[in-house]
Amino acid sequence: MYQLTLVTIWSEGNYFERLNTPAAFVHKLAYFAQGLIAWMLMLVRPAADGTLTQRYAIALGLLAVGLVFGLVVLWRARWLGLGLFALVWWVIGIAPAVGLLDTSYTSDAPRLMYLPSAGIALFWAAVIVGLMRLIPNRWLRLVPAAFAAAFMLWCIPFISGRIAETQRLTPALAAIDRDLRQSRPGDRFLLINAPFVSLPAEPTFLFGREGMHLWEVDGPDGQSWGPLWKWAGSVSGVRRDTLALRHPASITARDSYEESDKSFTVGQPFKYGLFGRAVDDAQLRDAILSANYIYRFDYDPPGLRARRIGRIEPMGAVASAPIARLVMDANGTSATLEAATADRCGERVQLHLVWSDVRNVTQPTGIFVHGHDAQGWQTLIADADLIGGAIALDQVPAGLRIFETRELIVPAGVDVQALRIGAYLRASQRRYQAFKPDGSEWLANEIIIPIEEDRCMA
């Protein structure tokens, strides 16, 4: 009754198999058979890659061998009744899913194995004990027990790897939770290239993605992600309007394989499935300017991480002593850089900038970021527009204050002791004049930002 309720009420009928063909039935049976033959997969899995038909044959063949072996042992040990009870438990546990649920849903829902796993554990425990009773030599009786112990050791990396993967998400959760707690009720969160599932790069079993769902999709179209509060908000208890978008052009470690509504990454030991409405540069820019907290997820080495690349708020009062006022001409084309700091964290340098009071910037304008060594030589170029390169200065509406964090990767052996930044017209490469609060001009119109050492910030 529990399993039947699970697949009918929980799924709300959305994942029922509309056409339960023989092929679909075989796939689901082979998928659930993996629970009963797991110890045999420990032996054959490294050599079991092949076509789908070949894997069906392996799974169902091992199922038949396992059942015959186990039942013969239990019959000889006079425990056949216990074994049949365990198998009936397993069948009752998988029957609703095999008979009713959609194939793709079943393959992505290992939780459906929870109930039948009790029957599997009882069956093989009885077989091992029965086999030990049938072996006359007391030393040889240790062989089945040792094999069972080896199987449990084989399972440890599978479990520990997923625990480590869960811990990998902790910094992202903590960072978003921190912003949730300090945000205002009307603030909106934007998540760019957020993962909805993590998938092992090297599968352990024959079928199923073996992944962990990280998010739930909210909305009948499956595209709008309302429930950040279900993820990070489950800790803080704070709920905010949230939108997750997929921007294929900025996905790091992107896999060439894609589905109509999903993108995937590559990597070890886990890769990720990214969900959400795919947007181009213009659509992403509009979404960023409509949000208050903007997060981007990256997947290239060292692996999954989320960082806030921007925060936007109404400007309010103009800063009294900004680090620089960038001016192009007498027509009022200007922008204010209120603050700028840089922190080194290993091979990364985080650059924190605050922009405001953008006025009459109509010509295409870029932001240059150059790294310099202790002797003043330029050693790094990291030019990019605001908020992850998504918004040019000439696209910033008036009346906004923009906080952005840039992550610069410094190659090994490259010495970067300070950053020099400024603005320029793309067409002519002419730089904006950069004025200090006292009215004097920054040398070469380059604002110098020293890098603070070993100061890692989320």
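Report the Cα centroid-to-centroid distance between the range 232-311 and the range 39-93 in angstrom, as an integer.
Between the Cα centre of the range 232-311 and that of the range 39-93, the gap is 41 Å.
Per 0.36 nm of contour for each residue apart, how much would the distance between Thr379 and Leu134 grow if the chain were fully extended, relative to their Cα-Cα spacing?
80.7 nm
How big is the shadow of the Cα convex hull of the range 2-168, averaged over all directions, in nm²?
Result: a mean projected hull area of 11.6 nm².
Calculate the length of the line joining the C-alpha centroid of the range 116-159 to that of the range 339-373, in whole Å.
61 Å
If one takes the longest principal axis of the Cα atoms in the chain, at what angle in degrees, from 0 to 90 and to the nearest 10, does the Cα axis of helix 114-134 lie?
50 degrees
Please give the helix 80-100 orientation as an angle from the longest Cα principal axis of the chain, in degrees from 0 to 90, rounded to the nearest 10.
40 degrees
Take the Cβ-Cβ distance between Ala164 and Lys436 as r, set R0 to 60 Å, and report the resulting FRET efficiency rounded to the nearest 0.05.
Rounded to the nearest 0.05, the efficiency is 0.80.
Given a Förster radius of 35 Å and the C-beta distance between Arg76 and Met212 as r, what FRET efficiency does 1/(1 + (r/R0)^6) yield to the nearest 0.05?
0.25
Taking only the Cα atoms of the range 315-458, how large is their convex hull per residue, in Å³?
118 Å³
For Met328, Met132, which order do you get if you count the other beta carbons within 10 Å of each Cβ and list the fewest first? Spell out each step's value before the answer.
Values: Met328 21, Met132 17.
Ranked by crowding around the Cβ, least crowded first: Met132, Met328.
Putting +1 on Lys and Arg Cβ atoms and -1 on Asp and Glu Cβ atoms, find which of Thr106, Ala384, Gly316 reaches farthest to the positive end of the dipole of the chain.
Thr106
Can you check how the C-alpha radius of gyration of the range 235-280 compares to 2.2 N^0.38 Å, as a plain ratio?
Values: Rg = 13.0 Å, N = 46, 2.2 N^0.38 = 9.4 Å.
Computed over Cα atoms of the range 235-280, the ratio equals 1.38.
To the nearest 10 degrees, how steeply does helix 52-76 sit against the main Cα axis of the chain, on a 0 to 90 scale?
Roughly 40 degrees between the two axes.
Which value does Rg/Rh take for the chain over its C-alpha atoms, Rh per Kirkwood?
Answer for the chain: 1.12.
Can you tell me the length gained on complete extension of the stretch Met42 to Ala174, counting 0.36 nm per residue apart and subtracting the Cα distance?
Value of the extension gain: 43.8 nm.
State, to one decimal in nm², a quarter of the convex hull surface area for the C-alpha atoms of the range 249-345, i.e. the direction-averaged projected area.
In nm², the orientation-averaged hull projection of the range 249-345 is 9.5.
Near the amide H of Leu101, under 5 Å away, which other amide H atoms are found, from residues 5 or more places off or on another chain, if H is placed in the peptide plane?
Under 5 Å from the amide H of Leu101: Glu17.
Sort Arg307, Arg184 by Cβ crowding within 10 Å, fewest neighbours at the top.
So the ranking, lowest neighbour count to highest, is Arg184, Arg307.
Could you give the nm distance between label points at Asp255 and Ala64, where each point is 7 Å from its Cα heading toward the beta carbon?
3.3 nm
At a Förster distance of 30 Å, what's the computed FRET efficiency of Val414 paired with Glu202, Cβ-Cβ distance as r, to 0.05?
Numbers: r = 34 Å, r/R0 = 1.13.
Once rounded, the FRET efficiency stands at 0.30.
Using the Karplus equation 6.51 cos²θ - 1.76 cosθ + 1.60 (θ = phi - 60°), what ³J(HN,Hα) coupling, rounded to whole Hz, does each residue of the range 311-316 give in order, writing x for Gly and Pro?
So the Karplus estimates, Gly and Pro as x, are 9, 10, 8, x, 5, x Hz.
Any read-out appearing in this document is the output of simple, stated calculations on the displayed coordinates, not a laboratory observation. Computed from a prediction, not measured in an experiment: that's the story for all the values here. Please note: Cβ atoms are built from the backbone with ideal geometry, for glycine as well, and neighbour counts cover all protein chains shown.
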